[in-house]
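The values are calculated or read from the model by the stated rules, or taken from the named source; none is laboratory data. Remember, it's a predicted structure, so these values are computed and weren't measured experimentally. Note that we place each Cβ from the backbone using ideal geometry, even for glycine, and neighbour counts take in every protein chain shown. These area figures cover heavy atoms from the full protein model, side chains too; ligands, DNA and RNA do not enter into them. Shrake-Rupley method; radii C 1.70, N 1.55, O 1.52, S 1.80 Å.
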Amino acid sequence: MRANPQLDENGKLRHFLTIEGLRRPLLTDILDTAESFAGVTERTVKKVPLLRGKTIVNLFFEPSTRTRTTFELAAKRLSADVLNIQASVSATTKGETLLDTLHNLEAMHCDMFVVRHCDSGAAHFMAKHVAPHVAVINAGDGSHAHPTQAMLDMFTIRRHKGEFGALRVAIVGDILHSRVARSQIHALTTLGVNEVRIIAPKTLIPAHAEALGVHVYHDLREGLRDVDVVIMLRLQNERMGSAFLPGEHEYYRLFGLTEEKLALAKPDVTVMHPGPINRGVEIDSAVADGPRSVILQQVSYGIAVRMAIMSMAMHQRGE
Amino acid sequence: MTQPPADIDALLITMADDLRTLLKARQVDNPVMIGIHSGGVWVARRLHEMLGLEESLGTLDISFYRDDFSRTGMHPEVKPSHLPFDVDNRHLILVDDVLYTGRTIRAALNELFDYGRPAAIYLAVLADRDGRELPVQADVTGYHIELPRGQQLKLQGPDPLGLRVVDVVSNA
């Protein structure tokens, strides 16, 4: 059996592809390291020289603003040089194109790829084919995983709620298509939260979801009862009109987060959202902009968390 | 084998006296103190109290500034640096436990300048040993020892503090 491709022989990060298969001490290490980087962004010089002389490529086959810019800022604050490539996927020869792109960039002596791709498994594929000194970070692959987003969400929860053990966390929305939800569930269960609930209409819950160690709810009011953290997911517009949902008004009425429904959760509940938010679809503006929302803090924390993951994956490369 | 003195308190008292003399000679009346994680912070805490400095102690973790990062990777227990004051135009007393190659101090100086432009930085170390690889000298030293390459001077603590000579485990 092959060992976890994300780890080297000493159990340290080599790539960062998925939360699945990573153990609690490593996740805690990432959060602790990110805590140190959070201080850097509050100084006069918001930069540390850790990755000076390294070249990082943001290779995005899918549009993204928040994720790409926070990866770029994170890399720059580590003093790396950054190249942004907005690539398009050629439908016919996808595998070959990706590999060719990869080898071309490698020939330019790049040290790390941050990759987003619409196909599940794209980051794993790249990690398998890169030169030994190159690290690959998954910035979202298909509906499979978005591990850096999950880690910044864990960082947010720890900052605002403290220890994981006692917490009840609800994830609400399109679980079926969400790579964010999948990574969050793995992270939350690995870090040992008390309970993870997923709340969605039956059409947006994957089959056998319970096997991930979560409790499934189809009623938002029921599912929100006594939770400490609510994570709302974006309802992707492209799902509307297909057979998944009747329409966004009905979705909002049943699954949109409003102050009135939020009152069923714990009084000090924290509301999170990976963004971009659809106001009036999955979340009411009063909640999104309200005192219990940490949606903008999540974006700030994203920089520190990505700095931690990039620097941890970049160590001891062929010297 | 030469063993360092057991009485760390006596060393600290001498260091505090020497610091007072130094500050007086340089006409510094309102310095701030910064300890380097982890041993330097332990020593700094004691000196900070003995000198009765007004502003809280700052702490520095130089992990992000190490020059061996690409070989050894991230230190597993990096702690946040915390400077509860503005360093611009201030007189800083930088404190570490053992001065050896000088690389830690180089990293600390680089990090401090990313916080601003201090008026001056003074270096106080509990122990100084031979083997410098960079032109770094302490202004105040508690204790000096010559050791062969294969041995290291370690500070144990935080309570009580104790200096010990240990054999280096080779990782070549």
Positive end of the dipole of region A:147-294, charges at C-beta (+1 Lys, Arg; -1 Asp, Glu), about the Cα centre: which of A:162, A:254, A:288 has its Cα farthest in that direction?
A:162
Residues of type aspartates and glutamates that residue B:79 reaches as a straight line, Cα spacing below 16 Å, ignoring anything fewer than 8 places off in the same chain
A:29, A:32, A:35, A:42, B:61, B:96, B:111
When only Cα pairs under 8 Å and 6 or more residues apart are kept, what is the percent relative contact order across region A:147-294?
24 percent
Under the definition of Cα pairs under 8 Å and six or more residues apart, what whole-number percent is the relative contact order of chain B?
24 percent
Rounding to the nearest 20 debye, state how big the charge dipole of region B:34-137 is about its Cα centre with +1 on each Lys and Arg Cβ and -1 on each Asp and Glu Cβ.
180 debye
Would you mind telling me which residue in A:214, A:115, A:230 has the biggest mean-square fluctuation in a Gaussian network model of chain A, where springs connect alpha carbons within a distance under 10 angstrom?
A:214
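Based on Cβ point charges of +1 for Lys and Arg and -1 for Asp and Glu, what charge dipole magnitude is obtained for the protein assembly as shown about its Cα centre, in debye rounded to the nearest 20? Walk me through the intermediate numbers first.
On the way: 53 positive and 60 negative charges, 147 e Å.
I would put it at about 700 debye.
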Per DSSP H run of at least 4 residues, take -39500 (n - 2.57); add these up for chain B, divide by its residues and hand me the 222 nm value, nearest 500 deg cm²/dmol.
-8000 deg cm²/dmol
Of A:212, A:105, which has the most accessible area with a 1.4 Å probe, and how do the rest follow in descending order?
A:212, A:105
In debye, nearest 20, what is the charge dipole magnitude of region A:1-145 about its Cα centre with +1 on Lys and Arg Cβ and -1 on Asp and Glu Cβ, if you could check?
380 debye
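Take peptides A:156-162, B:40-46 and line them up by average Cβ neighbours within 10 Å, highest first, as a rough protection proxy.
Top to bottom by mean Cβ count within 10 Å: B:40-46, A:156-162.
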Report the label-to-label distance for residue A:100 and residue A:236 in nanometres (one decimal), using points 7 Å from each Cα along the Cα→Cβ vector.
2.7 nm
According to the square roots a ≥ b ≥ c of the eigenvalues of the Cα gyration tensor, what is the shape class of region B:47-127, taking rounded for a/c under 1.5, prolate for a/b larger than b/c otherwise, and oblate for the remainder?
prolate
Looking at chain A, I'd like the Rg to Rh ratio, where Rg is from alpha-carbon atoms and Rh is Kirkwood's inverse mean 1/r.
0.96
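Average partner chain C-beta neighbours within 10 Å, per residue of B:46-53?
That average works out to 0.
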Which one, B:168, A:211, B:72, projects farthest toward the positive side of the charge dipole computed for the protein assembly as shown from Cβ point charges (K/R +1, D/E -1)?
A:211
So, in nm, how far is label residue B:132 from label residue B:9 when the simple model puts each one 7 Å beyond its Cα toward the Cβ?
3.3 nm
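Relative contact order, percent, of chain A when contacts are C-alpha pairs under 8 Å separated by at least 6 residues?
20 percent
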Using helices alone, what [θ] at 222 nm do you get for chain A, with -39,500 (n - 2.57) per DSSP H run of 4 or more residues, divided over all residues and rounded to the nearest 500?
-11000 deg cm²/dmol
Members of A:46/A:76; A:12/A:76; A:12/A:47; A:76/A:161 lying beyond 19 Å, as alpha-carbon distances in this model show:
A:12/A:76; A:12/A:47; A:76/A:161
Accessible-area order for B:85, A:113, largest to smallest, probe 1.4 angstrom, reads B:85, A:113
Extension gain from residue B:154 to residue B:38, taking 0.36 nm per residue of separation minus the Cα-Cα distance:
40.6 nm
Selected from A:188, A:17, A:98 as most flexible by GNM, with chain A as the system and alpha-carbon contacts under 10 Å
A:98
Ordering A:153, A:119, A:111, B:86 by how much accessible area each has at a 1.4 Å probe, largest first, what is the list?
B:86, A:119, A:111, A:153
Count, for each residue of B:63-73, the Cβ atoms from other chains sitting within 10 Å of its Cβ, then give me the mean as a whole number.
6
When all protein chains stay in place, what accessible area (Å², nearest 10, 1.4 Å probe) is found for residue A:258?
30 Å²
Label-point gap, in nm, between residue B:139 and residue A:24 - each point 7 angstrom along Cα→Cβ
4.7 nm
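Under the rule a/c < 1.5 gives rounded, and otherwise a/b versus b/c splits prolate from oblate, where does region A:186-294 land using the Cα gyration tensor?
In terms of gyration-tensor shape, oblate.
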Residue A:244 accessible area, nearest 10 Å², 1.4 Å probe?
70 Å²
Please give the solvent-accessible surface of residue A:169 in Å², to the nearest 10, using a probe radius of 1.4 Å with every protein chain present.
0 Å²
GNM, chain A, Cα, under 10 Å: largest mean-square fluctuation among A:268, A:228, A:141?
A:268
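Rounded, prolate or oblate: which fits chain B, taking a ≥ b ≥ c as square roots of the Cα gyration tensor eigenvalues, rounded meaning a/c under 1.5, else prolate when a/b beats b/c?
Cα axes put chain B in the oblate bin.
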